[in-house]
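Here the structure comes first, spelled out in structure tokens, and everything after it is commentary.
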Amino acid sequence: MPFDVASVRGLFPTLGDGWIYLDPQAGMQIPDSVASAVSSGFRALPSLPGTRSPQARAAAEALANARSAVADLLGADPAGVVLGPSRSALVSAFVDALPLGAWLDRNLVVSRSDDDEVLAPLLAGAGRHGTHVRWAEVDIEDGTLPTWQFADLVDDDTSVVAVTLASSVTGAVTDIGPIAGHARATRARLLVDATTAAAYVPLSIDELGADAVLVSAERWGGPRVAALAFADPGQLSLLTRVSAWPSAHGPERLEPEPLPGALLSGLVSSVDHLARLDTEASGVRRDRILASMSGTYEYLHRLLVYLVHSLDHMPNLRVIGAAAHRVPVVSFVVDGIAASDVCARLTDNGIAALHDYPSRALQTIGVDDAGGAVTVGLAPYSTPYEVDQLVRVLGSFG
């Protein structure tokens with residue numbers, strides 16, 4: 001069945017305000033089903049799990065449902081799904097949980113393509129323990145992360161390799177397979193941030209070959225809740241407990257404190273929303289997610305090609321890595337015009353885009369010398385008309 005963008009747009013009440021939202025990195029628009037689930041959750045789930053009251057039992061069920069929903073999204077085991085308020089909170093917990101031997105006389109491999117929300121806790125942990133940090137660099141020509149360099153960066157002293165599956169600013173997709181191979185060969189832990197990719201492509205933790213995969217639901221229309229899924233739930237028992245609750249077990253060991261039941265309900269609803277993007281998809285939720293995300297990717301890939309082609313043919317505009325394999329996220333610079341001024345004109349025309357998005361990748365590429373880059377992203381509710389409007393406004397700078 002062809003992707004029905006008109007039906008999808010009907011799921012988002014905010015799209016009736018006349019704006020064109022091309023800023024999913026700031027948070028994708030919220031489907032009505034997710035907003036309703038959170039609202040109902042705040043009324044029905046005021047308690048935390050742990051007692052025998054009906055509300056506490058309902059909260060425990062909401063927590064279990066949230067782990068199962070993320071597991072279905074990633075093809076993971078619910079027993080390995082750790083939940084938290086943000087990516088930085090979960091990575092901080094992961095850093096604190098690692099044994100001392102993972103830091104002393106070891107090294108950590110990270111990349112310039114990674115978001116600071118992931119990098120900051122890792123670098124802080126390395127700084128506390130005197131652990132050497134090795135950087136994988138982006139290709140300044142196309143914004144991609146070449147995998148050949150990991151053969152030299154990852155060795156027997158590497159404890160953790162952190163890498164993003166898709167860049168938040170260029171959309172460039174990283175070939176995780178070779179990196180996973182180097183990590184396995186040296187017994188390093190591989191942490192993959194799939195947050196940007198999760199809104200656009202089907203994901204499988206096994207196919208990625210990662211020890212843990214990180215996602216954040218606000219990027220696909222959910223509440224601001226993040227998840228860290230471990231391929232082998234048994235690894236959680238090898239990590240130091242960071243939870244404030246002495247009785248915490250399994251994934252609870254890496255959760256400093258419980259999340260509100262309302263946000264957990266919203267998380268479940270957001271994954272169900274992804275599974276319903278293809279109205280003809282059938283089977284269990286995992287099957288429906290795979291079918292829906294495949295259809296979503298095909299539609300958005302066509303729209304992305306149209307967007308990049310349109311931008312690349314504007315004489316005063318340079319797309320960063322126009323030919324790169326990417327999810328539908330694009331950064332560009334307009335000759336002689338600061339990114340803030342470009343976004344101001346877009347805003348005046350009812351188009352939401354991003355500039356000065358914190359990115360070591362863009363800094364490495366050198367966009368600061370050109371006045372910064374504008375970053376836009378597509379969503380399942382994006383249309384060719386919206387792309388045309390973006391191009392029309394950008395054309396006014398010619």
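Hey, can you find the accessible area per residue of the chain for me, probe 1.4 Å, expressed in square angstrom? Working shown, then result.
Values: 15910 Å² over 398 residues.
About 40 Å² of surface per residue is accessible.
Rounded to a whole number of µm²/s, how large is the Stokes-Einstein D of segment 305-398 at 37 °C and 0.692 mPa s, given Rh as the Kirkwood radius over C-alpha pairs? List each step's numbers first, then the result.
Values: Rh = 13.4 Å.
In µm²/s, the coefficient rounds to 246.
Indicate the gyration tensor shape class of segment 164-278 (rounded, prolate or oblate), computed on the Cα atoms with a ≥ b ≥ c the square roots of the eigenvalues: a/c under 1.5 is rounded; otherwise a/b larger than b/c is prolate and the rest oblate.
oblate
How are the alpha carbon pair distances in segment 136-212 distributed across 10 Å bins from zero to the largest one, expressed in percent?
In whole percents, the pair-distance histogram is 19, 53, 26, 2.
How large a share of the accessible area of segment 1-107, in percent, is made up of carbon and sulfur atoms when the probe is 1.4 Å and the other protein chains stay in place?
Numbers: 2730 of 4770 Å².
That fraction is 57 percent.
With no solvent and one point on each alpha carbon, what is the Debye value of log10 I(q)/I(0) for segment 294-354 at q = 0.13, 0.19 Å⁻¹?
The Debye formula, applied to the Cα set alone, gives -0.39, -0.79.
So for segment 316-362, taking the charge dipole from beta-carbon charges (+1 Lys/Arg, -1 Asp/Glu), which of S359, N316, T347 sits furthest toward the positive end?
Checked the options; the winner is S359.
Taking each pair of distinct Cα atoms in segment 19-172 once, what is the resulting Kirkwood hydrodynamic radius in Å? Working shown, then result.
Values: mean 1/r = 0.0535 Å⁻¹.
Mean inverse Cα-Cα distance, inverted, gives 18.7 Å.
Can you give the FRET efficiency to the nearest 0.05 for T279 and A322, using r as the Cβ-Cβ distance and R₀ = 30 Å? Working shown, then result.
Details: r = 34 Å, r/R0 = 1.13.
It comes out at approximately 0.30.
Please sort 283-290, 126-133 by packing, taking for each peptide the average over its residues of neighbouring beta carbons within 10 angstrom, highest first.
On the way: 283-290: 17.0, 126-133: 14.0.
With the highest mean Cβ count within 10 Å placed first, the list reads 283-290, 126-133.
Keeping the other protein chains in place, figure out the carbon and sulfur percent of the accessible area of segment 257-386, with a 1.4 Å probe. Provide the component values of the computation, followed by the final result.
Values: 2680 of 5240 Å².
Percent of accessible area from carbon and sulfur atoms in segment 257-386: 51.
Apply the Karplus parameterisation 6.51 cos²θ - 1.76 cosθ + 1.60, with θ equal to phi minus 60°, to every residue of segment 156-168 and state each ³J(HN,Hα) to the nearest whole Hz, in sequence, with x for glycine and proline.
In residue order, the calculated couplings are 5, 9, 7, 9, 9, 10, 10, 8, 9, 6, 8, 5, 6 Hz.
If I compute solvent accessible area with a 1.4 Å probe over the protein chains, what percent of it on segment 120-254 is carbon and sulfur?
Details: 2570 of 5080 Å².
Taking all protein chains in place, segment 120-254 shows 51 percent carbon and sulfur surface.
So how much accessible area does D175 have, in Å² to the nearest 10, using a 1.4 Å probe?
Taking all protein chains as shown, D175 has close to 90 Å².
Report, in deg cm²/dmol and to the nearest 500, the calculated mean residue ellipticity at 222 nm for the chain, where each DSSP H run with n ≥ 4 adds -39500 (n - 2.57) and the sum is divided by the residue count.
Values: 14 runs with 158 residues, N = 398.
Result for the chain: -12000 deg cm²/dmol, rounded to the nearest 500.
More than 17 angstrom separation, counting every C-alpha pair in segment 93-231; what % is that?
Values: 5474 of 9591 pairs.
Summing the P(r) tail past 17 Å for segment 93-231 gives 57 percent.
Assigning unit charges at the beta carbon (Lys, Arg +1; Asp, Glu -1) and nothing else, what dipole magnitude in debye, to the nearest 20, does segment 101-146 show about its Cα centre?
The calculation lands at about 420 debye.
Please report the equivalent ellipsoid semi-axes of segment 228-280, computed as sqrt(5 x eigenvalue) of the Cα gyration tensor, largest first, in whole Å. Numbers along the way, then the final one.
Values: eigenvalues 167, 47, 7 Å².
Here the semi-axes work out to 29, 15, 6 Å.
Which whole number in µm²/s is D for segment 1-69 by Stokes-Einstein, with the Kirkwood Rh taken over Cα pairs at 20 °C and 1.002 mPa s?
Numbers: Rh = 14.7 Å.
This corresponds to a translational diffusion coefficient of 146 µm²/s.
Assign unit charges at the C-beta atoms only (+1 for Lys and Arg, -1 for Asp and Glu), then state the dipole size of segment 250-398 relative to its Cα centre in Debye, rounded to the nearest 20.
Values: 11 positive and 17 negative charges, 58 e Å.
Approximately 280 debye in magnitude.
Would you mind listing how long the chain runs along its three principal axes, going by Cα atoms, in whole Å with the largest first?
63, 50, 34
Please compute P(r) over all alpha-carbon pairs of segment 216-335, binned at 5 Å starting from zero, and give each bin as a whole-number percent.
Values per bin, smallest distances first: 2, 9, 13, 12, 14, 13, 12, 10, 8, 4, 2, 1, 0.
The values are calculated or read from the model by the stated rules, or taken from the named source; none is laboratory data. On a predicted model such as this, the values are computed, not experimentally measured, just so you know. Don't worry about glycine lacking a Cβ; one is built from the backbone with ideal geometry, like all the others, and counts go over all protein chains shown. Heavy atoms of the whole protein, side chains included, go into the accessibility calculation; ligands, DNA and RNA do not. Shrake-Rupley method; radii C 1.70, N 1.55, O 1.52, S 1.80 Å.
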